[in-house]
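One structure is given below, encoded as structure tokens.
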Amino acid sequence: MPLLEVTELETHYPTSRGLLKAVDGVSFTVSAGESVGLVGESGCGKSTLGKAILGLAPVTDGVVRFDGEEVSRLGSGARKPFRRRMQMIFQDPFGSLNPRHSIGEILSAPLAVHGVGKAGDRKDRVARILAQVGLPAESIHRYPHEFSGGQRQRIGIARALILDPDLVICDEPVSALDLSIQAQIINLLVSLKGEFGLSFLFISHDLSVVRYFSDRVLVMYLGVIVESAMASQLWSRPLHPYTRALIAAVPDPARRRQVAPLDGDLPGPQDVPAGCRFHPRCPLSSDRCRVEAPLPRTWAPGHDVACHHADEVPRASDQP
Amino acid sequence: MAAVVDMAETLAVPQEGRRRAFRAFLSNPAGVISLAFLLCAVALALAAPHLYPEDPLSMVARPFLWPGQNASYPLGTDSLGRDVAAGVVWGTRISLLVGFCAMALGISLGLLVGAVAGYFGGRVDDALVKFIEIFQTPPSFVLLVVLVAIAQPAISTVIVAIALVTWPTAARLVRAEFRSLREKDFVMAARGLGYGHARIIVREILPNALPPLIVSASVLVATAILMEAALSFLGLSDPNVVSWGSMIGAGRELLRTAWYLCAVPGVAIVLTVLALNLLGDALNDSLNPRVSAKR
Amino acid sequence: MTVPLLEVHDLTIAFPAAWPVRNLSFSVAGGETVAIVGESGSGKSLTALALMRLLPGAARISSGRIDFVGQDLVTFSEPAMRKVRGARLAMIFQEPMTSLNPVLTIGAQIVDVLRLHENLSRRAARARAIELLDLVRVADPHRRIDDYPHRLSGGMRQRVMIAIAVACGPRLLIADEPTTALDVTIQAQVLDLLDGLRRDLGMGLLLITHDLSVVGQWADRVIVMYAGCKVEEGVPDVILHRPRHPYTEGLLAASPRTAEGSSYRDGLLREIRGSIASALGEQGCPFRPRCPKAAPACTLAPPPAVVVQPGHLAACPVLNPRQARDAVA
């Protein structure tokens, strides 16, 4: 049984310009100990998906099962025990910590709210988690603004892990950080994954980071998952034209001044094209793509793709 | 590894926090002078029973003594021979009492309604905004006069009436702050950790919403003082207490012969309201990091 | 060798109590793309602003020269500088969402800059604006010209910013993180566009970025900055594959992008310990507190960038101890 099972999840928002289908029928699973990457461009709904799983964004339809139990319909009281087991790490290390609370308050409040341990135990727990994320013990008396971006992200990680969760959803955890700090934080997540026995849903727009940190990768475009595969497989044999375009768009010193691989703009989630959502930008699009939305089909074990023309995609090795 | 701040941050933005705000406030002379003036006024109000133990409404000397004419009555006496200085000192007590109590009541009410509306949003917000609008539709002074006319003319009813007229301003401010703060990631994180609504409102959002509220509080005190003065000028306030407004009201018919009867309490009102407004500006500059960082 | 379009000599930028850029020298030739790479706090964006003479309040150029087409911009008065900015020297910024005026149509904003620097009628300026939108590959420019910025996507806005920047045919275009706020597929389009314009208009392009792989694909020469100092300079192939400075080496090793085929299951990334804040108050090499190769010589003075092989400079005393000693003496 997978730890997290998401089935046909939809999050729609009514707006003045019509229904905004941020997440529009997404299904996937995360097994215990697995790290699943979710890539896509801004506005594709990846952040909303992460929040909807945690009940921080509304679920219009579909089911989220955690450890076999449906959590998507629970009220805030009934959800509380599951909150402990599913946590989130946010992108913005400046906005995700309350500027008016000391680090000690930020880290001990979750324990108090969930009634974990006595006051003395909580203090020890806070001290231990600070050491685990590589921060000095005296940090508890300091305030978020006294820390650098990388250190704040360590605090955010400590807050997410202090309740000893099973699943951590990371929403672009390193995108706001400098390259030399990114590696520190990614390494920290890798070590904590082993130490705490964590499973991850790792949301990012950065393909190289996702590739490094994920066992399996989901590619999202305009509210739907267009391809999912093991990380190594996705990079060696991307099937969906969008996945191929994403990989090709990563700047590569080996391709000096090559022409941009994909034309057109990302349409907003308010005006989703009919048929296959990707067809207006797709080099392979046909008449069929304009009217019929492709369903995901299994190409190889563990490798699903939603494209009518996936078989026409040339193999990576055929490319110049 | 010591806690170090990013180099760029140290260069560009001064340290945040209470100490920084305090220093910024001290560097603003208008704010410091205003605060000193208001503290003196509070001291004067508290000392009134010792300075003028007698009822300020009792006749103590010859009427129409001009200020400076008799050293025992430095601000003179009015048409009935009452000591103007005693009236001003006791009036300070009433004005500040009404100002601060009405502000506290108005802010509390505004905080309650604004926080709930802003935090929960949706239908709750729609309903509460409509409720706020009911109080904002009639001209506020007309509403105030009606409220006081219905109830007994006592200081407590004046305070309640002023609070009822001024709370929508506070409510709207709090609502706007809560609406923007509830979208912040740290509030999202608090929800993700399973914190209850009350805890999120009180512990997470409220401390961040306080600075603008403190600023508007000082302006609300000034507004309340002006409203009380206007009410007592019209004779709608408690007739048994002396206030700056009632002194001006009593002196208005003698404006040509004994203008000091209006001028003395008038100056008291102007200085107090001015000080409160300057204090509000200074607080705004020092509590708002974006403004003070530019200095 | 071409005559440099821009030559910066020993540029130092000072805040009241800090020197965010120290003794920076580099040049850009016409038609050349030079990239300045660095993380936040490296001084790369301040350098760009200094070239435009648009440094924020407390910062000022305390020494050095900025020779642009034979004239030292440091000596220019503000009115003289205004004639240069937007005309011969143009800049585009990172944030396409806030760099355009929201209450003016994009056409009006392009026309404004054209009429400011060139003697054009309103009608001619509008015709030129449509041409420019076409040049930056905005589809349907006749219709788009009357749109307000909020109607455009981030990528479109950045194209409009580029159209405004190249409106008067600048000799040098400074692009400060032009694609950081954009999605990967849009990023590739915008970089391709900038490169095409550089070639077609024969202008120099100074690309300020934090992204090493962007540099590798688009730059002719790379300058790596750390805490206000140039630590290494060379052609991308050398910088990305045979870097000599420990900082550049560390950055490349820390990036999952360049670690081909790696996964967290195979081992951790090689990280650079500490943070750039440690450079604050450092008397010697700014990277010394984080450097795995730090030696006693590194504490003496900020090392000058010296030629380690033709066209390849590095500022590291450990690479060439003798030169470091000479520099101190």
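Note on segment C:184-251: no enclosed strands (runs of 3 or more DSSP E) hold 3 or more residues that are more than 17 Å from the chain's Cα centre (by Cα) and surrounded by fewer than 24 Cβ atoms within 10 Å (Cβ to Cβ).
Out of the residues in segment C:1-33 that are within 14 Å of another protein chain (Cβ to nearest Cβ) and among the small types (Gly, Ala, Ser), state the one that is surrounded by the most Cβ atoms within 10 Å (Cβ to Cβ). If you could, list the steps in order and put the result at the bottom.
In the first step, residues of segment C:1-33 are kept if they are within 14 Å of another protein chain (Cβ to nearest Cβ); the result is C:13-22, C:31-33.
Add one more test, that the residue is among the small types (Gly, Ala, Ser), and what stays is C:14, C:17-18, C:31.
Numbers: C:Ala14: 17, C:Ala17: 8, C:Ala18: 15, C:Gly31: 15.
Top of the filtered list is C:Ala14.
Can you confirm whether segment B:157-177 contains a residue that is surrounded by 20 or more Cβ atoms within 10 Å (Cβ to Cβ), more than 30 Å from B:Asn208 (Cα to Cα) and of a type in the set (Phe, Trp, Tyr)? No.
When we screen A:Ser191, A:Ser180, A:Ser139 for residues that are closer than 26 Å to C:Ile276 by Cα, small (Gly, Ala, Ser) and either outside any helix (DSSP H, G or I) or touching a residue at least 24 places away in the same chain (Cβ under 8 Å) (or both), the only hit is A:Ser139. Within segment A:220-230, the only residue that satisfies the criterion of being surrounded by 21 or more Cβ atoms within 10 Å (Cβ to Cβ) and within 12 Å of another protein chain (Cβ to nearest Cβ) is A:Tyr221.
Can you find, within segment B:133-156, the residue that is nearest to B:Ser95 (Cα to Cα) among those that are part of a helix (DSSP H, G or I) and among the small types (Gly, Ala, Ser)? Ranking the qualifying residues of segment B:133-156, first place goes to B:Ser156. Against the condition part of a loop (DSSP other than H, G, I, E, B) and more than 21 Å from C:Ala277 (Cβ to Cβ), how does C:Leu6 come out, does it pass? The answer is no for C:Leu6. Filtering segment A:238-255 to residues that are part of a loop (DSSP other than H, G, I, E, B) and more than 7 Å from every other protein chain (Cβ to nearest Cβ) leaves A:Pro238, A:Leu239, A:His240, A:Ala254.
Scanning segment C:252-288 for residues that are buried (at least 21 other Cβ atoms within 10 Å of the Cβ), more than 10 Å from chain A (Cβ to nearest Cβ) and assigned to a helix (DSSP H, G or I) yields C:Ala279, C:Arg288.
Evaluate the following for C:Ser27: is it under 21 Å from C:Val306 (Cβ atoms) and not in a loop (DSSP other than H, G, I, E, B)? Break it down into steps so the answer makes sense when it comes.
Details: under 21 Å from C:Val306 (Cβ atoms): yes; not in a loop (DSSP other than H, G, I, E, B): yes.
So C:Ser27 fits the description; yes.
For first residues located in segment A:95-116 and facing chain B (nearest Cβ under 7 Å) and among the small types (Gly, Ala, Ser), partners that are buried (at least 18 other Cβ atoms within 10 Å of the Cβ) and part of a loop (DSSP other than H, G, I, E, B) and lie 6+ apart or on another chain with Cβ distances below 9 Å form the pairs A:Gly95/B:Lys184; A:Ser96/A:Phe90; A:Ser96/B:Lys184. Quick check, is A:Ile157 out of contact with any Cys (no Cβ under 7 Å at 6 or more places or on another chain), in contact (Cβ under 8 Å) with a residue 40 or more places away in the chain, within 14 Å of chain B (Cβ to nearest Cβ) and not in a loop (DSSP other than H, G, I, E, B)? Yes. C:Asn119 meets all of the listed conditions (1) modelled with pLDDT under 90; (2) surrounded by 16 or more Cβ atoms within 10 Å (Cβ to Cβ) but one, namely (2). Of the set (1) in contact with a strand residue (DSSP E or B) (Cβ under 6 Å, 6 or more places away or on another chain); (2) under 29 Å from A:Gly40 (Cα atoms), all apply to C:Ser153 but (1). Only one entry of A:Gln87, A:Gln132 meets the criterion of being more than 9 Å from every other protein chain (Cβ to nearest Cβ), closer than 24 Å to A:Phe200 by Cβ and touching a residue at least 12 places away in the same chain (Cβ under 8 Å), and that entry is A:Gln132.
I'd like the residue in segment B:266-295 that is charged (D, E, K, R) and in a helix (DSSP H, G or I) and, out of all such residues, is modelled with the highest pLDDT. This residue is B:Asp281.
The values are calculated or read from the model by the stated rules, or taken from the named source; none is laboratory data. Please read these numbers as outputs of a predicted model, since none were measured by experiment. With ideal geometry, Cβ positions are generated from the backbone for all residues, glycine too; neighbour counts draw on all protein chains shown.
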